[in-house]
Structures are given as structure tokens and as C-alpha cells.
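Readers should treat all values here as calculations from the given coordinates under stated rules, not as data from a laboratory. As the structure is a computational prediction, the values presented were derived from the model and not from experiment. Cβ placement follows ideal geometry from the backbone for every residue including glycine, while neighbour counts extend to all protein chains displayed.
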Amino acid sequence: MRVTKKNKHNGLIVAGMHSSGGKTAVTCLLLSALRNRNISVQPFKVGPDYIDPGFHFHFSTKHSVNLDPWIMGREHVIQAAQQFTENAFGIAEGVMGLFDGSDPTNDSGSTMEVARWLGWPILLVVPCRNAGRSVTAAIQGFVDEAGGPEHFAGIILNQVNSESHAKYLRKACSASEIPVLGALPEMPELDWPERHLGLQPGVEQKLTEAKKLAELAEKYFDLELLIKNFPVLSVSAAQVKKQRSALPKFSKRIAVAQDEAFHFYYAANLEWLRKQGAEIVSFSPLHDRQVPENADALILGGGFPEVFAEEISANKSMLTSLKVTVESGMPTYAECGGLMVLAEGLKIKSGQSLAMAGVIPGTVEMTKQLQHFGYCKIDLSESGEVRGHEFHYSHWSDETKKANLWKVTRHSTGITRSEGYRTANLHASYVHLYFPQAAAVMRKILHLTPDKPAQC
């Protein structure tokens, strides 16, 4: 699997030793450079992350596809990877460190597990700020834990202090069976601010142009060696066979909130909706005045509505439209940020309380600490186990009194609590779902007809 031998794999995995080690930067550099060389690339993100895929989209112009081993399972992960790399080379950014996953005793749910399932080699990003020869011991430890050098495509030395530092580290790593494919210094173009446990969303900042990142990748990475050893990378986007299909005939129109405040959507979820015969009509709770007309269902996804809380609260016309729409009986799915905007009010960190749509009783209050974080599952008698994840720095004031949607069990602790709010037509929850895995639930919520996908 090593890059020292020509390999036929149609993807590679950019993995790190820990979080905030430079995986997203390296991934975006590669996406930019290969796209600039007119090579068809498809970004992926291991795990349930929504923010890194936004960076991938900016630099590749393709929606990144999540590969979450715990939520999706082996079959769905392999199926998604094969589907989206049929006419492109896959570049999957890992999650946290290479072996970090859903179980602290093995690599279940980790980037390594996905690498094994797909058979894709690993490009290991090694943080090197103020480091010396000791990094070689750390690298060897990762190689041994993975099962040998055959699982690796190469190494990227990240955050090198200077050219002489990079030269020293290259020499230190020269005895390794894994080639060094680049040495990347710290630079302002890659100085992206962080929030909570990851990057601040790209939609909230002005990112460097893709062409500039392509130039940096050409300067600091050995792209020629990478391309030489992955034959599929020598095929330009112009040579890729384009699949042609008739436009689907939609049977439903679903209004989906998509703007700077609401942008946490799995690409696979939106694709699943289309396959069910749903036409997706995007709208902005921030900038539009009302929910789109003639919609059959409404989806309010996650994001950071608290960052734009004052603007959302000031858009009285939209808040009224949301309230009227939901209370008219339209099937509505609200996930995390969607739950927040449908509440009576939102109390932001400054202490200011702002009026929201007033569909869900009680207020949502922003908190300094994570309220619930990680994987969870819900056992439903009519549709089996549904898997999801939570990540929120807010608390719904009425949860202990009025949560009536379902019982949620934390995967890490086994603790169960009543969560979410429902009416005859509303499903509002902090839990993020992967629609293909929760297909029975989503069809019921949105009134989608089973086994009748969009016709082509």
C-alpha cells in the first residue's frame, strides 16, 4: 500500500497524531493543488464533523462526504466511498488522532478503522513545532500500532520552524520505510481560528483563494512523487467519463434552511432526500422574509444560530412565517440549531435574551461547557436502533419537564435521558442523524413514501 510502489487505490486518508495537528490544512492544500492540475478529486471527512467539510467544499468545489464508522457501519462507509470515487480520486480527512474512535480500548470508530475497511493508504501529518529526532520514535509507534509501513503512503512534516529545521527532520526520517512527501511551515494563509473543539466555520471568515493554496502545495509538497505512485491521479478531470442521467421527477418539495447560521448537513443526507423523490428548496432564516411557498415539508438543520442570534431575532417576518408554517401542520424536522430557533427565546452568552419563533415551549440558554457530546443511540420499537451524535453548548430550559420525543442513551456512559420535543407534525431534537441509517424514522417524519425513489 506504500507510495514507494505504484498502487491502484482510488483514495488516500490524511490522518493526524492528535486534534489540531494540521489535517484540515494538508487536506485543503492537496484538494487545491490537484484541482488546479485538473485532476478530479472527491473530499471525504471521517466522523460526524460538519465544519471541516465546509473547508473542503471551498477549496475543491465539491461537497465533502462523511464516513462515520460508528453511525454508518462498514457497509454504508464502503458503499459511499465507492459511489463518490467512481469518477474521482478520494481524499479523506481523518478525525482526531489516527486511532481515536468510539472505544478507548481499540480502533473501533476511528480513522484507522476506515482505512482498513477501504484499503486506502494513510498520509500521516506529523506536528513538528520545536521538535527534533524524537518525532521518529512517535512515527514508528504509529506505524507499529497500525500494523506496519504497508498501511502508509507517506509523511507530511507540519509546523516546521525553518528550512534548516525541515532539512534536519528529513534526515532524521531518512531511515524510515515511509517517504516524507512534504515539510510545511506555519503561514498566515493557513492560520484559521478555532472555536470549541474545532475550526471556526469557513462561512464566517474570508478564506484564502484555492489557487493560492495550490501554489503553496506545489512549493512544499512532493506532488510529482504522489502522482507518480497513484496512477489514478494521472487521469485529468477532462478524461473522466461523465455519467449522464435524466433529471429526477420529484414528488415532494422540502424547504431546507441553508445559510451562514444553518449549514450543518451531511451531503449524504441531502442526496438521500433526493433519492426519495424530494426536491430541495433552500432558504435563509437570516436573509429571507418567509418560508418558501408550496413546500411539503420543512427542515431546519444545525449550525451556529447563536452567532447570528440578533439578526435572526430581528427578522420578525421570518420568525412569524416559521411559527405559522409549523403550526399549520407541515411536517417539520428541526435538528440542534433548528430546535434553538423554534424555541420561545434564546439567551446568548452576554446574558441578553432574544425572541425566537415560539413554537417550542421554554428558552434555550447558551452555556460555557458542553452539555452533551458524542455518539448516542435511540431504541425505537417500530424502527429499531437509530444512531446519532450530539454536540452543543446550549441547554433547553424545559427539557426535564417537557421532553417527549424519545429516550437517548449516551454511547460512552450508558446514561439515558428524555430528549427532544414533538407534536403531531414536529420532530425537534439536539441529536444529529444520518438519514440513510435512520431511513424509517425520516420517512415517517417527512411523510416520504417508502420504496418509491425519484424516477429518472
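A few remarks follow.
- Screening S321 on (1) farther than 30 Å from G101 by Cβ; (2) surrounded by fewer than 23 Cβ atoms within 10 Å (Cβ to Cβ); (3) hydroxyl-bearing (S, T, Y); (4) touching a residue at least 60 places away in the same chain (Cβ under 8 Å) shows it passes everything except condition (4).
- In region 367-407, residue surrounded by the fewest Cβ atoms within 10 Å (Cβ to Cβ) [restricted to those that are of a type in the set (A, V, I, L, M, F, W, C) and in a strand (DSSP E or B)]: L380
- Residues of region 113-141 satisfying the condition of being touching a helix residue (DSSP H, G or I) at 6+ places or on another chain (Cβ under 6 Å) and over 25 Å from P185 (Cβ atoms): E113, V114, W117, L118
- All conditions in (1) within 15 Å of L319 (Cα to Cα); (2) over 23 Å from the mean Cα position of the chain (by Cα) hold for G338, with the sole exception of (2).
- Here V14 fulfils each of the conditions (1) of a type outside the set (S, T, Y); (2) part of a helix (DSSP H, G or I); (3) under 15 Å from the mean Cα position of the chain (by Cα) apart from (2).
- When I445, I415 are checked against the criterion of being in contact with a Pro (Cβ under 7 Å, 6 or more places away or on another chain) and among the β-branched types (V, I, T), a single residue qualifies: I445.
- Consider region 408-452 and keep the residues that are in contact (Cβ under 8 Å) with a residue 24 or more places away in the chain, small (G, A, S) and part of a strand (DSSP E or B). The one that is farthest from N66 (Cα to Cα) is A428.
- Residues of region 155-178 satisfying the condition of being crowded, with 19+ Cβ neighbours inside 10 Å, more than 24 Å from the chain's Cα centre (by Cα) and either among the basic types (K, R) or closer than 19 Å to G94 by Cβ (or both): L157, Q159, I178
- Which listed residue is of a type outside the set (S, T, Y) and either under 22 Å from A267 (Cα atoms) or assigned to a helix (DSSP H, G or I) (or both), from V307, V364: V307
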